[in-house]
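A quick write-up on the structure given underneath.
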């Protein structure tokens, strides 16, 4: 009989601990399940929105991917300026590639770090 009381007490303690860290577990599960989709968001931002629309992690990286794609289009347009466009285009596309690699790394590692310089805006919420 004392063993059943210990089981109940142990069960209560375990359940209170698990309810405390339940939100962390949900975030971890969301991150683990959607890392690949989040990384694909840097290739084309719509992919995580279509396949994981309720995932906060995937939506975050879809937003960062959209910002990177907008930045790349702006650099491509500015690169059309004669002479000055060569400089803007070279350094702009170099930064675009570095930001792309950074975003892929952050998505695959499960982190929600914003892209430097351009990642401060939230278009997709």
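Summary table
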| read-out | value |
| --- | --- |
| Any chance residue 59 is outside any helix (DSSP H, G or I), in the same structural domain as residue 39 (by TED's automatic domain parsing) and under 25 Å from residue 36 (Cβ atoms) | no |
| Members of segment 92-125 that are at positive phi and touching a residue at least 60 places away in the same chain (Cβ under 8 Å) | 110 |
| Positions within segment 56-67 being under 12 Å from residue 43 (Cβ atoms) and surrounded by fewer than 22 Cβ atoms within 10 Å (Cβ to Cβ), in sequence order | 66 |
| Segment 90-125, residues that are under 27 Å from residue 33 (Cβ atoms) and not in a loop (DSSP other than H, G, I, E, B) | 99, 100, 101, 102, 103, 104, 105, 106, 107, 108, 109 |
| Any chance residue 52 is at pLDDT below 95 and crowded, with 18+ Cβ neighbours inside 10 Å | yes |
| Segment 78-89 - residue that is part of a helix (DSSP H, G or I) and out of contact with any helix residue (DSSP H, G or I) (no Cβ under 9 Å at 6 or more places or on another chain) and, of those, nearest to residue 119 (Cα to Cα) | 87 |
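The values are calculated or read from the model by the stated rules, or taken from the named source; none is laboratory data. If you're wondering where the values come from, they're calculated on a predicted model, not measured in any experiment. Positions of Cβ are generated from backbone atoms using ideal geometry, with glycine treated the same way; all protein chains shown enter the neighbour counts.
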